[in-house]
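First up is the structure itself, then whatever we jot down about it.
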Amino acid sequence: MIMPKAVVKFGGSNLNGKEDIGNIIRVIKKYDAPLVVVISAFYGVTDYLIDSLDKARHDELVAPKTVAYLLNLKKEALRLHIEDELVINRILSEIEVLLNELGRYLQGIALTGDASPALEDHILAFGEQISAVFLAGILNYEGIETRVAFPETIGLITDGEFGTASVDFVRSTAKVREALADDLVYVVPGFYGLSPEGKTTVFGRGGSDYAAAAIARCIGALSLDIWKDVNGFVSADAKTVDNPVQIKQLTYNEAAELAYFGAKILHPRTVEPLSAPHIPIRIFNIYSDSDVEKPRSVVSAEKTITRGIVKSVTCSEDFGILKLKGSGVGAKPGILAKVTTALHHAGINISSVLTSQISINILLAKKDLSTAYALVSAIELSVVGRVQIIEDVAVVATVGNGIAENYGVAARIFTALAKNGINVLMSCSGASPIVSYFLVGINDSIRAVKAIHEEFFETISPLG
């Protein structure tokens, strides 16, 4: 009988400095059990690869420069943790195999001046692959039996969507479970899987969280343990408020909503694979936590309602509004269908839609606003007099079980904002029973979070 393992994920924030690998080794030793470790690229490496991809289209020197930079980065880090030059050279030779392949692809882009979505995904996955070989080499040197398990060898199959893939659990589960069955530590590069045709498909920025969650589901893990450089979920960002309150317990939906609306603890899709099998997500701080049985926050099916109902307030400046104005635009059949169909075909996700008789307001990622504006402006929409982009807004969200069922919560929120002279541009409640969100001017976003946090948390003991 195969004993269930924990899946442990370390992100780029845990790999920011060359000395940070020591913290990861310390944590893995604390578990003292077989694990599946999912690793991100070193901090900044994915951005570096994106930049190299872009520059390689018109500069043939990018390929050797990229290979040399990444090799030197790993060489310096290895020498901080390994004294045996033979071991260092053996690990570096494995990394060089990957880097030479990366260099050939970049050189090919320089020759053709272009890269397909499939090639872009393949190149971006090298950051995680190199991290996995690097970490496995050090763990073996430390006496921890470790094996690298690439997604392509364990059978982590996706839907084939480049840039934003999802795991196909019907195809993946049995293969992944069998491939990760031995009693040792596996190191899996996060961020990507393999299409049914065998092509690399990435899960999107921050997608290593999702990759770890998918693997946890496939193997029936005891838990998904995510090690961060912060104290898990709190009542508001510590950079915004003075005394954030620790949130020890959240439901899957609460965590998903907080991540969606700007909390940086989890990738928004992390809970998707884990909610149905009820696999808990445990959040730790790698710089201050030493007990692997005492997480800062736990995300699970267990529902708790706090005294003030609101568990956390968060904000995001990554959204904007595409506004369609015209007399009767909200009542004319087919207008919204035409617009959403055009956006769908362009791969643009719609976050929310708020309508009235004279306007349709579509909440989109700011990066998509210009493209969406051009697409919608080109559509024949008889009653639409004007299409407008609104960028100088922020979304503020309050999250907590019971928000929709308890009277007075919304009143407290809007009273707190009014007392601080903050105007609400748009609001939405009821789309989810655990979240109420609204738009304010971008210059009011921090004050809005502070005002709501003060209203709901000022009498609660601060985070210890």
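Is it the case that residue 193 is in a loop (DSSP other than H, G, I, E, B), touching a strand residue (DSSP E or B) at 6+ places or on another chain (Cβ under 9 Å) and open to solvent by less than 10 Å² (accessible area, probe 1.4 Å)? Please lay out each step first, then the result.
Values: in a loop (DSSP other than H, G, I, E, B): no; touching a strand residue (DSSP E or B) at 6+ places or on another chain (Cβ under 9 Å): yes; open to solvent by less than 10 Å² (accessible area, probe 1.4 Å): yes.
Spelling it out, it is not the case that residue 193 is in a loop (DSSP other than H, G, I, E, B), touching a strand residue (DSSP E or B) at 6+ places or on another chain (Cβ under 9 Å) and open to solvent by less than 10 Å² (accessible area, probe 1.4 Å).
Which of the residues that make up region 199-227 are surrounded by fewer than 20 Cβ atoms within 10 Å (Cβ to Cβ) and either in a helix (DSSP H, G or I) or within 17 Å of the chain's Cα centre (by Cα) (or both)?
204, 205 - these are the residues of region 199-227 that are surrounded by fewer than 20 Cβ atoms within 10 Å (Cβ to Cβ) and either in a helix (DSSP H, G or I) or within 17 Å of the chain's Cα centre (by Cα) (or both).
Just to be sure, is residue 106 under 25 Å from residue 211 (Cα atoms) and either surrounded by fewer than 19 Cβ atoms within 10 Å (Cβ to Cβ) or touching a helix residue (DSSP H, G or I) at 6+ places or on another chain (Cβ under 8 Å) (or both)? Working first, answer last.
Working: under 25 Å from residue 211 (Cα atoms): no; either surrounded by fewer than 19 Cβ atoms within 10 Å (Cβ to Cβ) or touching a helix residue (DSSP H, G or I) at 6+ places or on another chain (Cβ under 8 Å) (or both): yes.
Spelling it out, it is not the case that residue 106 is under 25 Å from residue 211 (Cα atoms) and either surrounded by fewer than 19 Cβ atoms within 10 Å (Cβ to Cβ) or touching a helix residue (DSSP H, G or I) at 6+ places or on another chain (Cβ under 8 Å) (or both).
Determine whether residue 59 is free of Cβ contacts under 8 Å to residues at least 12 places away in the same chain and surrounded by fewer than 21 Cβ atoms within 10 Å (Cβ to Cβ). Show your work before the answer.
Details: free of Cβ contacts under 8 Å to residues at least 12 places away in the same chain: no; surrounded by fewer than 21 Cβ atoms within 10 Å (Cβ to Cβ): yes.
Criteria not met by residue 59.
Taking interchain pairs and intrachain pairs at least six residues apart, which have beta carbon atoms under 8 angstrom, with the first residue in region 123-140 and closer than 14 Å to residue 92 by Cβ and the second among the basic types (Lys, Arg) and assigned to a helix (DSSP H, G or I)?
From residues that are closer than 14 Å to residue 92 by Cβ, the pairs are 130/74; 134/74; 137/90.
Within the bounds of region 274-294, is there any residue that is open to solvent by 10 Å² or more (accessible area, probe 1.4 Å), more than 21 Å from the chain's Cα centre (by Cα), within 23 Å of residue 215 (Cβ to Cβ) and among the hydrophobic types (A, V, I, L, M, F, W, C)?
Yes, there is a match, as at least one residue in region 274-294 is open to solvent by 10 Å² or more (accessible area, probe 1.4 Å), more than 21 Å from the chain's Cα centre (by Cα), within 23 Å of residue 215 (Cβ to Cβ) and among the hydrophobic types (A, V, I, L, M, F, W, C).
So which residues in region 160-180 are part of a loop (DSSP other than H, G, I, E, B) and surrounded by 22 or more Cβ atoms within 10 Å (Cβ to Cβ), if there are any at all?
Within region 160-180, the subset part of a loop (DSSP other than H, G, I, E, B) is 160-166, 168, 180.
Selection gives 165, 180.
With a cut-off of at least 3 residues that are within 27 Å of the chain's Cα centre (by Cα), name the strands (runs of 3 or more DSSP E) lying wholly within region 370-464.
Details: elements: 386-390, 393-399, 424-432, 435-441.
Where strands (runs of 3 or more DSSP E) fall fully within region 370-464 and carry at least 3 residues being within 27 Å of the chain's Cα centre (by Cα), they are 393-399, 424-432, 435-441.
Applying the selection to region 144-159, what residues are part of a loop (DSSP other than H, G, I, E, B) and touching an Asp or Glu at 6+ places or on another chain (Cβ under 7 Å)? Please lay out each step first, then the result.
So the first thing to find is which residues in region 144-159 are part of a loop (DSSP other than H, G, I, E, B), and the list is 144-145, 149-150, 155-156, 159.
Residue satisfying the conditions is 159 alone.
Need pairs with beta-carbon distance below 8 Å; first residue free of Cβ contacts under 8 Å to residues at least 60 places away in the same chain and within region 378-405, second loosely packed, with under 14 Cβ neighbours inside 10 Å and assigned to a strand (DSSP E or B); sequence gap 6+ or separate chains.
Every condition considered, the pairs that remain are 404/430.
For region 314-331, give me each residue that is within 26 Å of residue 264 (Cβ to Cβ) and in a loop (DSSP other than H, G, I, E, B). Break it down into steps so the answer makes sense when it comes.
Within region 314-331, the subset within 26 Å of residue 264 (Cβ to Cβ) is 314-322.
Within region 314-331, 317, 318 qualify.
Would you tally the residues in region 391-438 being among the charged types (D, E, K, R) and either under 25 Å from residue 264 (Cα atoms) or open to solvent by less than 60 Å² (accessible area, probe 1.4 Å) (or both)? It would help to see each step written out before you state the result.
Our first condition is that a residue be among the charged types (D, E, K, R); within region 391-438, this holds for 391-392, 405, 412, 419.
Now narrow it down to the ones that are either under 25 Å from residue 264 (Cα atoms) or open to solvent by less than 60 Å² (accessible area, probe 1.4 Å) (or both): 391-392.
Count: 2.
Taking region 228-244, which residues are open to solvent by 20 Å² or more (accessible area, probe 1.4 Å) and either in a loop (DSSP other than H, G, I, E, B) or out of contact with any helix residue (DSSP H, G or I) (no Cβ under 9 Å at 6 or more places or on another chain) (or both)? Show your work before the answer.
If we filter region 228-244 for residues that are open to solvent by 20 Å² or more (accessible area, probe 1.4 Å), which is where we start, we get 228-231, 234, 237-240, 242-243.
If the condition is that a residue be open to solvent by 20 Å² or more (accessible area, probe 1.4 Å) and either in a loop (DSSP other than H, G, I, E, B) or out of contact with any helix residue (DSSP H, G or I) (no Cβ under 9 Å at 6 or more places or on another chain) (or both), then 229, 230, 231, 234, 237, 238, 239, 240, 242, 243 are the ones that fit.
State which residue pairs qualify: first residue in a helix (DSSP H, G or I) and open to solvent by 10 Å² or more (accessible area, probe 1.4 Å) and inside region 78-97, second residue modelled with pLDDT under 95 and among the small types (Gly, Ala, Ser) in any location, beta carbons under 9 Å apart, and separation of 6 or more residues or different chains.
80/22; 81/22
Within region 220-246, can you find the residues that are among the aliphatic types (A, V, I, L, M) and closer than 22 Å to residue 431 by Cβ?
Start the filter on region 220-246 by keeping residues that are among the aliphatic types (A, V, I, L, M), which leaves 221-222, 224, 226, 230, 234, 236, 238, 241, 245.
The answer is 236, and nothing else.
Regarding region 332-348, can at least one residue be identified that is in a strand (DSSP E or B), open to solvent by less than 60 Å² (accessible area, probe 1.4 Å) and either polar (S, T, N, Q) or modelled with pLDDT under 90 (or both)?
Just the residues of region 332-348 that are in a strand (DSSP E or B), to begin with: none.
The answer is no; no qualifying residue exists.
Looking only at residues in region 110-143 that are outside any helix (DSSP H, G or I) and open to solvent by 30 Å² or more (accessible area, probe 1.4 Å), which one is farthest from residue 65 (Cα to Cα)?
To start, the set of residues in region 110-143 that are outside any helix (DSSP H, G or I) comprises 113-116, 125, 142-143.
Checking the rest, the ones that are also open to solvent by 30 Å² or more (accessible area, probe 1.4 Å) come to 113-114, 116, 142-143.
Values: 113: 17, 114: 19, 116: 22, 142: 32, 143: 34 Å.
Applying the filter and picking the extreme gives 143.
Take residue 352 and tell me if it is surrounded by 19 or more Cβ atoms within 10 Å (Cβ to Cβ), closer than 30 Å to residue 456 by Cα and polar (S, T, N, Q). Give the derivation first.
Values: surrounded by 19 or more Cβ atoms within 10 Å (Cβ to Cβ): no; closer than 30 Å to residue 456 by Cα: yes; polar (S, T, N, Q): yes.
Spelling it out, it is not the case that residue 352 is surrounded by 19 or more Cβ atoms within 10 Å (Cβ to Cβ), closer than 30 Å to residue 456 by Cα and polar (S, T, N, Q).
Just checking, does region 295-309 include any residue being assigned to a loop (DSSP other than H, G, I, E, B), of a type in the set (Asp, Glu) and open to solvent by 10 Å² or more (accessible area, probe 1.4 Å)?
Start the filter on region 295-309 by keeping residues that are assigned to a loop (DSSP other than H, G, I, E, B), which leaves 295-296, 301-309.
Those left that are additionally of a type in the set (Asp, Glu): 302.
Next cut, open to solvent by 10 Å² or more (accessible area, probe 1.4 Å) only: 302.
Yes.
Each row is one residue, and each column tells you yes or no for (1) of a type in the set (Asp, Glu); (2) over 30 Å from residue 108 (Cα atoms); (3) open to solvent by less than 80 Å² (accessible area, probe 1.4 Å); (4) modelled with pLDDT under 95.
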residue	(1), (2), (3), (4)
4	no, yes, yes, yes
7	no, yes, yes, no
37	no, yes, yes, no
51	yes, no, yes, no
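If you check every pair at least six apart or on different chains, which have Cβ atoms under 7 Å apart with a residue in region 311-327 that is under 17 Å from residue 382 (Cβ atoms) first and a residue that is open to solvent by less than 30 Å² (accessible area, probe 1.4 Å) and polar (S, T, N, Q) second?
Every condition considered, the pairs that remain are 324/359; 325/359.
The values are calculated or read from the model by the stated rules, or taken from the named source; none is laboratory data. Worth saying up front: this structure is predicted, and the values here are computed from it rather than measured. Backbone-built Cβ (ideal geometry, glycine too); neighbour counts: all protein chains shown. These accessible areas exclude ligands, DNA and RNA; they are computed on the full protein's heavy atoms, side chains included. Shrake-Rupley method; radii C 1.70, N 1.55, O 1.52, S 1.80 Å.
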